[in-house]
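Note sheet for the following structure.
The values are calculated or read from the model by the stated rules, or taken from the named source; none is laboratory data. Not measured: the values here are computed from a predicted model. Cβ atoms come from the backbone with ideal geometry, glycine included; neighbour counts cover every protein chain shown.
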Amino acid sequence: MKIKLIISFLFTYLLLPISSATAGTNTNCISAQNGRSSLSTSTLTLSADLYWNCTDAPMSGGVTYSISEDSSVYCTGPSYATKASTYGKTYAGVVSCAINVVNSGRAGASTSTLRIWSAYDFSTNYITIYHQQIPYKSTPTPLPLPTNNPQPTVPSEPTKQYYPDPVETDLQACTKGEGQPYWICEKAPTWRYVTCMSASKGYLQVYKKKKWTNIKTVSATYKPSSCGEYLPYSLYYYGTQSQTSGTYKYRFYFPEQNKNKMITASIFTVKVLYGGLDMDDD
C-alpha cells in the first residue's frame with residue numbers, strides 16, 4: 001500500500017505545470033556593443049549601444065551601469081525598452097559614463113570595462129572599451145641646491161623642447177546647449193547631442209548669416225519615462241562638423257505635430273578644437 005502511495009505521489013508531481021518563475025525566461029537579457037570613448041583635459045567619456053534580448057518581458061528599470069576599474073564615475077543609460085522580437089533584439093539606447101582623469105590612480109591605462117547589471121534576470125554583461133591613455137599627473141622639476149662659491153656664468157639662450165600631451169593631439173568636437181547643460185566631446189568630426197522634444201519629427205538647423213537654415217530632417221523616440229510628459233520625445237543625435245576648428249551654432253526645431261500643440265527649439269553650440277574641453281567650461 002505504501003509503494004502505491006509513493007508512485008501515485010511521484011506521478012502527480014511530474015504532471016504539475018512548470019512554475020511561472022522559470023517558464024519562458026530568457027537569460028542574459030542585456031547586451032552592449034560598439035564601445036567608444038572620448039578624452040578631454042579632465043574627463044574620459046565611455047559609451048556603448050545597449051540592447052534588450054528578452055522576448056518575454058520589456059526592460060523596465062532595474063538596470064545599473066558602472067566601470068569595474070573605477071569607483072569615481074558617473075553613468076547614465078536607458079531604463080526602458082520594449083521586449084525583444086522573436087528573431088532579434090531591441091535597441092534600448094546609449095550608456096554613457098564620465099570618469100574624472102585629473103591625477104587619476106589609473107594613469108597610463110588604455111582600457112576600461114563597462115559593467116551592466118539587470119535586475120530582471122540577475123545577469124551581468126561586460127564590454128571592454130579601448131581609449132586613449134589616461135594621462136599621468138605632471139610633477140615639477142626640483143631646483144638645484146645652491147653651491148657655497150657660486151661662479152658667475154654667461155647667460156645663454158636655453159634650448160626649447162616641447163613634449164606634446166597625448167590628450168592634446170586629437171581634434172575634439174564638443175557640444176553643449178539648452179537641453180544638454182554639460183559638455184559632451186567626441187573625436188572629430190563626429191559630435192553628439194542629447195535632449196527632449198515635444199514631437200517626433202523636426203529639423204536640424206544651422207545659424208548662418210543671421211538666419212536659421214534647415215540641414216536635414218530628424219526624428220525623436222517617444223520616451224515619457226525618461227523625458228517626462230511635457231517633452232516626451234527623446235532625441236539622441238550624432239552629427240558631423242566638416243570644419244577643422246571653431247565654434248558653430250545649431251538648433252533642433254520641432255514644429256506642432258498631431259496632438260502636440262507646441263513648438264520646441266533646442267539651441268546648442270559645437271566647439272571643434274584640440275584637446276577637448278573641461279566639463280565646467282562655458
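What the table shows:
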quantity	calculated
All positions within the stretch 77-113 that are surrounded by 15 or more Cβ atoms within 10 Å (Cβ to Cβ) and β-branched (V, I, T)	T90, V94, V95, I99, V101, T113
Qualifying positions in the stretch 52-65 - surrounded by 18 or more Cβ atoms within 10 Å (Cβ to Cβ), assigned to a strand (DSSP E or B) and free of Cβ contacts under 8 Å to residues at least 60 places away in the same chain	W52, V63, Y65
Any pair with Cβ under 9 angstrom, 6 or more apart, that starts in the stretch 169-181 at a residue that is modelled with pLDDT under 80 and ends at one that is surrounded by fewer than 17 Cβ atoms within 10 Å (Cβ to Cβ) and aromatic (F, W, Y)	T169/Y274; D170/Y274
Odd one out for D49 among (1) out of contact with any Lys or Arg (no Cβ under 8 Å at 6 or more places or on another chain); (2) in a loop (DSSP other than H, G, I, E, B); (3) among the charged types (D, E, K, R)	(2)
Of all residues making up the stretch 175-213, the number that are of a type in the set (D, E, K, R), over 21 Å from the mean Cα position of the chain (by Cα) and assigned to a strand (DSSP E or B)	3
Residue pairs meeting the criteria (Cβ under 7 Å; at least 6 apart or on separate chains; first in contact (Cβ under 8 Å) with a residue 12 or more places away in the chain, in the stretch 39-51; second acidic (D, E) and surrounded by fewer than 23 Cβ atoms within 10 Å (Cβ to Cβ))	S40/D278; T41/D278; S42/D278
Of all residues making up the stretch 54-72, the number that are of a type in the set (D, E) and within 13 Å of K83 (Cα to Cα)	1
